2 protein chains.
Amino acid sequence: MSDRPCQDLCPGEVTVVAPPPTDAGLVFIGRIHTPWHERREAPRQGSREGPVCHIEVFDPWGPALEGLAPGQEIDVLYWLHLARRDLVLQARHRDVPRGTFALRSPVRPNPIGLSRVLLEGIAGQVLAVRGLDCLDGTPLIDLKPGVPPRP
Amino acid sequence: MSDRPCQDLCPGEVTVVAPPPTDAGLVFIGRIHTPWHERREAPRQGSREGPVCHIEVFDPWGPALEGLAPGQEIDVLYWLHLARRDLVLQARHRDVPRGTFALRSPVRPNPIGLSRVLLEGIAGQVLAVRGLDCLDGTPLIDLKPGVPPRP
């Protein structure tokens, strides 16, 4: 990421030789519009207090929005297309390196971002939501209705 | 899916010509072990009352588990490798067809499953968790620490 305080690797970070990402393929189904154009501007996690962002769903997927309604929560999955994929221990923002799977950092073997957001409105194939943290232009890969917390 | 009550399509379901899934590539980072070998045996959503399942993390990703601890919640992302990807309206289990993005069905443009589970134990590169719903052998694509519900 361009704003990592240490260029390339911070002290204590560990990389691996990652296998090629050829086990399955994704199709980008839309694009996310947010106010943030650089990583250092974006919040580290989304907040319901944050700005309304817009999720544009591409053709031919519009009919798949049928049944979503304002007021509900949805899980948004997106592709963190700028993130490196070979770090297993990360030290950005911390003294003691921590495992990638114990962090919600964008840097991970499969750089998929996940936010549970509040759906505020739908206009055609564009959703207005609160709770995102990603950069403007981030590719969308899935939308799922939220489920209540499990017992 | 082999257990869809209607072969191929149910009445009211709508497919599209899906673009090729070549926008990004995934690497399978592990495998999930559950008691369920066919879709009709598996729960429709995971439950904390359900059985302990095991998540095996492949090399070279083991060090990325550093910092996870029993008792915490984690989001598990997995690849629903048996699911078709071209349905926008679905009618399985319901009278009125509903949009794919308003369902947590495995049938979706990018068949990524998501469950928030309770981490019960870690032994080497194997996690014991409760709350999964997927078939035995499902490929793992990501693990993230859970976050508390947003305000």
Open item on the list: Name the residue that is surrounded by the fewest Cβ atoms within 10 Å (Cβ to Cβ), counting only residues in the range A:52-71 that are more than 9 Å from chain B (Cβ to nearest Cβ) and over 14 Å from the mean Cα position of the chain (by Cα).
Closed with: A:71
- [ ] Could you list, in sequence order, all residues of the range B:107-117 that are open to solvent by less than 10 Å² (accessible area, probe 1.4 Å) and within 19 Å of residue A:143 (Cα to Cα)?
- [x] B:107, B:108, B:109, B:110, B:111, B:112, B:113, B:115
TODO: Just give me the residues in the range A:75-107 being aliphatic (A, V, I, L, M), farther than 19 Å from residue B:67 by Cα and facing another protein chain (nearest Cβ under 8 Å), in sequence order.
DONE: A:77
TODO: Evaluate the following for residue A:46: is it part of a strand (DSSP E or B), in contact with a Ser or Thr (Cβ under 7 Å, 6 or more places away or on another chain) and either farther than 18 Å from residue A:120 by Cα or within 10 Å of chain B (Cβ to nearest Cβ) (or both)?
DONE: no
Task: First in the range B:13-25 and touching a residue at least 60 places away in the same chain (Cβ under 8 Å), second anywhere and open to solvent by 50 Å² or more (accessible area, probe 1.4 Å), Cβ under 8 Å, 6 or more apart - done: B:14/A:63; B:15/B:9; B:16/A:63; B:18/B:85; B:21/B:85
Task: Residue in the range B:108-117 that is more than 7 Å from every other protein chain (Cβ to nearest Cβ), under 19 Å from residue A:108 (Cα atoms) and in contact with a Cys (Cβ under 7 Å, 6 or more places away or on another chain) present - done: yes
TODO: Filter the range B:87-100 down to residues that are surrounded by 16 or more Cβ atoms within 10 Å (Cβ to Cβ) and touching a residue at least 12 places away in the same chain (Cβ under 8 Å) and give me whichever is farthest from residue A:125 (Cα to Cα).
DONE: B:92
TODO: Mind counting the residues in the range A:15-24 that are at the interface with chain B (Cβ under 7 Å from one of its Cβ atoms) and in contact with a strand residue (DSSP E or B) (Cβ under 6 Å, 6 or more places away or on another chain)?
DONE: 5
- [ ] Collect the residues in the range B:118-151 that are within 11 Å of chain A (Cβ to nearest Cβ) and open to solvent by 20 Å² or more (accessible area, probe 1.4 Å), keeping them in residue-number order.
- [x] B:118, B:122, B:125, B:130, B:146, B:147, B:148, B:149, B:150, B:151
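The values are calculated or read from the model by the stated rules, or taken from the named source; none is laboratory data. Values in this document were obtained by computation on a predicted structure and should not be read as measured data. Backbone-built Cβ (ideal geometry, glycine too); neighbour counts: all protein chains shown. Quick note on the areas: whole protein, heavy atoms, side chains included, nothing else; ligands and nucleic acids left out. Shrake-Rupley method; radii C 1.70, N 1.55, O 1.52, S 1.80 Å.
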